[in-house]
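Structure, as C-alpha cells:
The values are calculated or read from the model by the stated rules, or taken from the named source; none is laboratory data. All values reported here derive from a predicted model rather than from experimental measurement. No Cβ is skipped: glycine too gets one built from the backbone with ideal geometry, and neighbour counts run over all protein chains shown. Keep in mind that these areas ignore ligands, DNA and RNA; they rest on the heavy atoms of the full protein, side chains included. Shrake-Rupley method; radii C 1.70, N 1.55, O 1.52, S 1.80 Å.
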Amino acid sequence: MHYTQPVFRPAFEENTPLLQVTDGCSYNRCSFCSMYRHVPFRVSPMEEVEADLQELRGSISQMPRLFLVNGDPFTLSTRRLADIAERVRYYFPECETISCFAHIPNFYQKTVEELAYLRSLGFNQVNIGVESAVDSVLDMFHKGYHVEDVYEQLGKLKEAGMQFSMNLILGSLGNGNYLELAKANADLLNATQPFLFFTTSLYSLPGSELYDYMHGGGFEENTYGQLIAEEIEMLSRLDLAHTYYYGLHPSNPVPFDGMLPEEQGKIIGILKRMLGVFPEALLNKPPERGWEGGVLIPDDWSTL
C-alpha cells in the first residue's frame with residue numbers, strides 16, 4: 001500500500017480500510033493544525049490507486065465502506081473523484097460508502113448536480129472540519145471561510161443528498177464566552193442536521209501559530225467548568241432528528257457519545273451532575289493537558 005506518513009483518519013473510522021489518493025493537505029494553513037505541516041501536497045497517480053485497490057482486494061473479502069486519505073481528498077476535481085469511485089466499484093462492487101476528510105472551500109467549485117453525481121457513485125458521510133459557527137473563531141483559526149460559507153456549502157450537500165459529519169471545537173472563543181459559542185454551534189447543527197458531529201476542546205501545541213496567540217496575553221482559556229457548561233448549553237439547544245454525537249476525544253473534560261435525540265437528556269443529566277462531582281477549585285482552572293488530553297474522570301463513576 002502507498003501511504004505517505006503521517007496518515008490520519010477520524011476515530012470513528014477506526015475499522016474502515018484506507019486508500020491514499022493525495023498526500024498532505026491542499027490548504028494546510030489552519031493555525032491549530034500541524035498534521036500535514038511538512039508534507040507537500042500531491043495527487044496520487046491513478047496507477048498507485050489501482051495497485052492499492054488490487055492489494056486491498058487480495059486481503060479483504062468484503063469492504064462495505066472505504067475512507068480516502070490524506071488531508072482533504074475532496075479538493076480533487078469531480079472527474080478525478082468519479083474515476084476513483086469507478087475503480088473502487090470495479091474491485092469492490094459491494095462498497096456502499098466512500099468517505100474522506102473535506103474542507104469547506106473544497107465544495108466551492110462543485111455544483112449541486114456534480115455533488116449528486118458523486119453521491120450516486122458512493123461518496124457520502126464526508127468528514128468536514130467546520131470547527132466553529134463564529135466568524136472571529138474561524139479567523140483566529142485561519143480557516144479561509146466564514147459562517148455564511150459553511151451554511152451555503154453544507155446546504156449544497158444536503159440538496160445533493162450527501163450526508164456529512166462535522167468537527168466543532170469547544171472553548172474556542174475563550175475569555176469565558178462559552179454561551180455565545182454554544183448557541184451559534186447549536187444553531188448550525190440544527191440547520192444542517194449532520195449524520196454525526198465530533199467535538200474536541202481547544203488546545204494548541206508549542207510551535208504552532210495558535211499556541212503563540214493563546215499564550216500572548218490576549219486569550220484566556222476557558223476553565224473545565226466553562227467547557228462542561230458550554231457542552232450542556234449546546235446540547236440543550238439541539239433539535240436533531242437522528243444524529244450521532246461523538247464526544248470521545250481526549251481533549252474533552254468528560255468524554256461521551258450517544259445518539260441524539262434519544263440519549264440527549266441522559267448526556268445532559270450526567271454533565272450537570274459532573275459539575276457537582278468535581279471540586280470547585282478544579283472546575284475554575286483551565287485544563288491541564290498532556291499531548292492533547294484534558295479528561296476529568298471521577299474516582300467512582302457510580303456516583304453519576
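Where does helix 78-91 land angle-wise versus the long Cα axis of the chain, in degrees 0 to 90, nearest 10?
It works out to around 70 degrees.
For the chain, with a Gaussian network of springs between Cα atoms less than 10 Å apart, report the residue from D23, D149, D72 with the top mean-square fluctuation.
Ranking D23, D149, D72 by mean-square fluctuation puts D149 first.
Excluding residues on the same chain fewer than 8 positions from K156, give the lysines whose Cα lies under 18 Å from its Cα.
K110
Modelled label-to-label distance, R79 and S120, 7 Å Cα→beta-carbon offset: nm?
Here the modelled spin labels are 1.8 nm apart.
Net charge around I268, counting only other residues with Cβ within less than 13 Å of its Cβ (Lys, Arg = +1; Asp, Glu = -1)? The partial results should precede the final answer.
On the way: positive: R237, K266, K272, R273; negative: E230, E231, E233, E262, E263.
Around I268, the charge tally is -1.
What is the projected area of the convex hull of the Cα atoms of the range 45-134, averaged over all directions, in nm²?
Details: hull surface 24.8 nm².
That works out to 6.2 nm², a quarter of the Cα hull's surface.
Please give the charge dipole size of the range 102-160, origin at the Cα centre, charges +1 on K and R Cβ atoms and -1 on D and E Cβ atoms. Round to the nearest 20 debye.
On the way: 5 positive and 9 negative charges, 55 e Å.
Dipole magnitude for the range 102-160 comes out near 260 debye.
What accessible area per residue comes out for the chain, rounded to a whole number of Å², with a 1.4 Å probe? Provide the component values of the computation, followed by the final result.
On the way: 13110 Å² over 304 residues.
Per-residue value: 43 Å².
Sorted by accessible area (1.4 Å probe), largest first, how do Y90, Y213, Y224 line up? Walk me through the numbers before you get to the answer.
Working: Y90 150, Y213 115, Y224 15 Å².
From most exposed to least exposed: Y90, Y213, Y224.
Helix 264-277: angle to the longest alpha-carbon principal axis of the chain, degrees 0 to 90, nearest 10?
40
Could you please report the charge total around Q226, scoring K, R as +1 and D, E as -1 over all other residues with beta-carbon less than 11 angstrom from its beta-carbon? Each step should come with its number before you reach the end.
Numbers: positive: K285; negative: E220, E221, E230, E231, E233.
Taking every other residue near Q226 into account, the sum is -4.
I want to verify the translational diffusion coefficient of the range 159-261 in µm²/s; compute it with Stokes-Einstein, Rh as the Kirkwood radius over Cα pairs, at 37 °C and 0.692 mPa s. Write out the running numbers ahead of the final one.
Working: Rh = 14.4 Å.
Here the translational diffusion coefficient equals 228 µm²/s.
When the Cα atoms of the range 99-242 are enclosed in a convex hull and the volume is divided per residue, what value in Å³ results?
Values: hull volume 15.2 nm³, N = 144.
Cα convex hull per residue, to the nearest whole number: 106 Å³.
Output the 0 to 90 degree angle, nearest 10, between the alpha-carbon long axis of helix 224-237 and the longest principal axis computed from the alpha carbons of the chain.
60
Under a plain spin-label model, where a point goes 7 Å from the Cα along Cα-to-Cβ, how far apart in nm are R273 and D135?
Computed distance between label sites R273 and D135 equals 4.3 nm.
Take every DSSP beta bridge with both residues inside the chain and express the antiparallel ones as a percent of the total, to the nearest 5.
Numbers: 7 of 30 bridges.
Here the share of antiparallel DSSP bridges comes out near 25 percent.
Counting only protein heavy atoms and a 1.4 Å probe, tell me what percentage of the range 1-81's accessible area is made up of carbon and sulfur.
Values: 2010 of 3820 Å².
Exposed carbon and sulfur together represent 53 percent of the surface.
Considering only DSSP beta bridges with both partners in the range 9-118, what is the antiparallel share in %, to the nearest 5? Please list the in-between numbers first.
On the way: 2 of 9 bridges.
Of those bridges, close to 20 percent are antiparallel.
Summing +1 for each Lys or Arg and -1 for each Asp or Glu, what net charge is found among the other residues whose Cβ lies under 11 Å from the Cβ of N124? Please list the in-between numbers first.
Working: positive: R65, R119; negative: E96.
Result for the neighbourhood of N124: +1.
Which FRET efficiency value, to the nearest 0.05, is calculated for K266 and T97 with the Förster distance at 30 angstrom and r the Cβ-Cβ distance? Don't skip to the answer; put the middle values down first.
Numbers: r = 28 Å, r/R0 = 0.95.
Efficiency computed from Cβ-Cβ geometry: 0.60.
Pull up the cross-link candidates among the aspartates and glutamates for K143, meaning alpha carbon to alpha carbon under 14 Å and not fewer than 8 places away within one chain.
Within the straight-line limit of under 14 Å, K143 reaches these aspartates and glutamates: D72, E131, D135, E209.
Taking only Cα atoms and a 10 Å spring cutoff, compute GNM fluctuations for the chain and point out the largest among N167, N15, N177.
N15
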